[in-house]
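One structure below.
Just so it is clear, none of the values below were taken in a lab; they were calculated from the coordinates. Predicted model, so just to flag it, every value in this text is computed and none were measured. FYI the Cβ positions are ideal-geometry reconstructions off the backbone, even for glycines, and counts take in every protein chain you see.
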Amino acid sequence: MKKSIYATALAATAALALAACGAAPEDEPAGNANGGDGTSAAGGDNADFLACVVSDQGGWDDQSFNQSAYEGLQAAVEELGIEQADAESQADSDYGPNVDSMVQQGCDLTIGVGFLLEDPIQQAAEANPDTNFALIDSAFSGPDFAPVELENAKPILFNTAEASYLAGYVAAGTTKTGTVATFGGLQIPSVSIFMDGFADGVAKYNEDNGADVQLLGWDKEAQNGSFTGDFENQANGQTLTEQFIAQGADIVMPVAGPVGLGAAAAAQAAGDVMIVGVDSDWYESTEYGAIVLTSVVKQIGQAVQDTITESVEGEFTNEPYVGTLENEGVGLAPFHDFDAEVPQEVKDAVAQLQEQIISGEITVETPNAP
């Protein structure tokens, strides 16, 4: 039976603390450092290692978190000379069969992309103790929602509230209408955490500047807001964004995978509305760069590549990786074409806020934290 989303979130929150973060992803140049001959730098033969990834809904070309994970897989294949297998999920009913397919193919490491793959990844890890697994955006829990540690399964998590806090501050400091908005696909912790940070950033700007920028789409205290109900139907994202625009919003942050592209289409049609992207730098990864103010970036690809590398080199552990501003697992993308639109005092304040978050002087509180 599918676990309760909120109970699982509480379990994940109880299970992990940022103080117990895994090591930061190491920034390494792209390309095959081993000459593409299937050997590692240490001279070992990796050609028989099979790394596998299962997507959430949206597929590998979602221009968001699935695509980032797939790019991490591709980078590992190129660098390490290993084999790969993958499966795209089109619906919830695909998760279990897709994970099982990876197991049946003999994958040495199977990575599930997204909170909704927790159950099938955990079940597969428990049934196959000699094989490694990893899960992006969720930890593991038992039938009573108590935290569970599996020796062969690694949670890959991101404290995106920290970077979203900066994005909220930027949005509040850049809006010309005094109204900004955010919405999600599904109300799960890995989505709501973006919205929590964004709300706090807007509130911080208001506090610092005596402003009254209004946020539509999310009430952090009540943990209640606007959701389209999936990560696939772009029309839903477009309709909801049009409603926000009608209420005066000129900056919108969609946290909804491919549904966010519908929000971008609505913003582009409006002509004077900007988008805050999520997961990847939307200026680079989507066709809507001209309207992207900035993006809240999760280094999913690097985390996937590093996890595969650890497994290939026999150094896989179940220690959770948590991406933060400090270890550069999350961050705020450049302002690109809007660099001149963001006031210098806002840029200076954001730089200072980032340092304060990294130092611990500011803690971005969220019930959805990993």
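Rounded to 0.05, the FRET efficiency of the Thr363 and Ala85 pair, given R0 = 45 Å and the Cβ-Cβ distance, is 0.65.
Highest average first, the peptides 243-251, 275-283 ordered by how many other beta carbon atoms sit within 10 Å of their residues are 275-283, 243-251. Here's how it looks for Ser295: its modeled amide H is under 5 Å from those of Gly277, Ala333, which are all 5 or more places away or on a different chain. If Lys and Arg each add +1 and Asp and Glu each add -1, what is the summed charge of the other residues whose beta carbon sits under 13 Å from the beta carbon of Thr175? Here the charged neighbours net out to -3. From most to least packed by mean Cβ count within 10 Å, the peptides 67-79, 346-358 give 67-79, 346-358.
Around the amide H of Ala134, modelled in the peptide plane, lie the amide H atoms of Thr110, Ile111, Gly112, Lys154, all under 5 Å away and 5 or more residues distant in sequence or on another chain. Phi-derived couplings, Karplus 6.51 cos²θ - 1.76 cosθ + 1.60 at θ = phi - 60°, listed residue by residue for region 282-293: 5, 4, 8, 9, 10, 8, 9, x, 5, 10, 8, 5 Hz, with x used for Gly and Pro. Once backbone amide H atoms are built at 1.01 Å from N, Leu157 has Asp137, Tyr321, Val322, Gly323 as its partners under 5 Å, excluding neighbours fewer than 5 places away on the same chain.
Net charge near Gln105: determine it from the other residues with C-beta under 12 Å of the C-beta of Gln105, scoring Lys and Arg +1 and Asp and Glu -1. Could the numbers behind the result be given before it?
Numbers: positive: none; negative: Glu83, Asp86, Asp100, Asp108.
Local net charge: -4.
Between the helical axis of 5-15 and the longest alpha-carbon principal axis of the chain there is an angle of about 70 degrees.
For the chain, the longest principal axis of the Cα atoms and the long axis of helix 65-80 meet at an angle of about 40 degrees. Couplings 3J(HN,Hα) for region 354-370, derived from phi with the Karplus relation 6.51 cos²θ - 1.76 cosθ + 1.60 (θ = phi - 60°), are 4, 4, 5, 5, 4, 6, x, 5, 10, 10, 7, 7, 7, x, 9, 5, x Hz, where x marks Gly and Pro.
Specify the angular offset, from 0 to 90 degrees and rounded to the nearest 10, of the alpha carbon long axis of helix 234-246 from the longest principal axis of the alpha carbons in the chain. On a 0 to 90 degree scale, this one is about 20. Among the GluC sites (Glu not before Pro) found in region 110-150, those both in a DSSP coil and sparsely packed, with 15 or fewer other Cβ atoms within 10 Å of their Cβ, are Glu149.
What does the helix-only formula give at 222 nm for the chain: each DSSP H stretch with n ≥ 4 adding -39500 (n - 2.57), the total divided by the residues, and the result rounded to the nearest 500 deg cm²/dmol? Can you show the working numbers first?
On the way: 11 runs with 141 residues, N = 370.
When only DSSP H runs of four or more count, the value is -12000 deg cm²/dmol.
Other residues within the sphere of radius under 15 Å centred on the Cβ of Leu240, judged by their own Cβ, net out at -3 (K and R +1, D and E -1). Past 23 Å, Cα to Cα, is the threshold; run Lys220/Lys347; Lys154/Lys204; Lys204/Lys347; Lys154/Lys298 against it and keep the listed order. Check vs 23 Å cut-off fails for Lys220/Lys347; Lys154/Lys204.
When DSSP assigns beta bridges and you keep just the ones with both residues in the chain, what percent turn out antiparallel, to the nearest 5?
In the chain, DSSP labels about 15 percent of beta bridges as antiparallel.
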